[in-house]
Amino acid sequence: MHKLFTRLALPTTLLLSTYTAYYYTQPKDQIQHLPNNSSYAPIMAWRCSGRTNAELIANLYKSGLITSAHVKDSMSSVDRAHYCPKRPDSAYEDSPQSIGYAATISAPHMHASAAESLLPHMPENKGARVLDVGSGSGYLTHVLANLVCGADGKGDGKVVGIDHIDGLVEMSRENMRKSEEGRLLLESGKVELIAGDGRKGYAEGAPYDAIHVGAAAVEIHQELLDQLRSPGRLFIPVEDTDGWGSQYIWVVDKDNEGKVTRKKDMGVRYVPLTNRPEVEQR
Ligand code: SAH
């Protein structure tokens, strides 16, 4: 019994302490988006990295971090390296990467989780409207566009990405133009990348079937709820009031009658949804 305990406990302790050490030594913007309600998910996440985009997505699918074939196909058709201009060599790691301006492109498993949560409200080629708040690199905006418009971009749907850093909005447009499909999405207006305060949503494009927020809010902003269609879903990380700086994903549904229900989901770590900085620092 004692031997069995040593055999199991020692490797587990080592693994967890390695993770804890990694977690606490990373700059905050580098560890955002790792679900922190389970020590299991990040360990899985390390194993999901690949040498190519196809390998990264295949590993996420094999590990169960992507469960929908539709999300798998949409993520496969967007090369993450196009959206990691600062760290192209690390683009196929399942971890956040710096994109400058104190922002990061989120970890692929977190993008997958958001896309899967919103999927029931994003049917392909049915004219679904989606808002991506804190669009940053533009990667998820492109994946969401593939979900509603199809990988060839020919279907009927529209995604608006909004970020409050002008430099990032310009960078996200450049990133999208790196592929023919991305360029067509921009030129056709099926993807719009705009500068603005995402806490206010983007009323011009409302109502939205699905709204994704990629930075941690202090509250579930009423403007976002107002701009949600009936039915519709909002996926938003929100700062907790526990005083420990915890954050949780909230999945907020508006039903056909306009009734709103809020569900607290997994613990996460995102950069904050803030006021626009006075000076943009690259
Ligand atoms: N989904 C993006 C995440 C980028 S990090 C990606 O994976 O690339 C979070 C982003 O939120 C940053 O780009 C930051 O500029 C943006 N942000 C923070 N507060 C904001 C606000 N009030 N309005 C719009 N964007 C905001």
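Each value in this text was obtained by applying a stated rule to the coordinates, not by laboratory testing. Keep in mind the model is a prediction, meaning the values are calculated, not measured. Backbone-built Cβ (ideal geometry, glycine too); neighbour counts: all protein chains shown.
Take the alpha-carbon positions of the stretch 134-217, form their convex hull, and give its projected area averaged over all directions (one quarter of the hull surface) in nm².
Its Cα hull, projected and averaged over all orientations, spans 5.0 nm².
Got a sec to turn the phi values of the stretch 132-148 into Karplus ³J(HN,Hα) couplings, 6.51 cos²θ - 1.76 cosθ + 1.60 with θ = phi - 60°, whole Hz, x for Gly and Pro?
Per-residue couplings from phi come out as 10, 8, x, 6, x, 5, x, 4, 5, 4, 5, 4, 5, 5, 5, 5, 8 Hz.
Rounded to the nearest 20 Debye, what is the dipole magnitude of the stretch 120-195 about its Cα centre when Lys and Arg each give +1 and Asp and Glu each give -1 at the C-beta?
180 debye
Can you give the net charge of the other residues whose Cβ lies under 15 Å from the Cβ of Gly150, counting K and R as +1 and D and E as -1?
Local net charge: -1.
Taking amide H positions as placed in the peptide plane 1.01 Å from N, state which residues far from Leu228 in sequence (5 or more) or on other chains have amide H under 5 Å from it.
So Leu228 has HN proximity to Tyr208.
If you take all C-alpha pairs in the stretch 108-268, what percent of them are over 23 Å apart?
Roughly 32 percent, once rounded to a whole number.
Order 172-178, 239-245, 143-149 from most to least packed using the mean count of other Cβ atoms within 10 Å.
In decreasing order of mean packing, 172-178, 239-245, 143-149 become 143-149, 172-178, 239-245.
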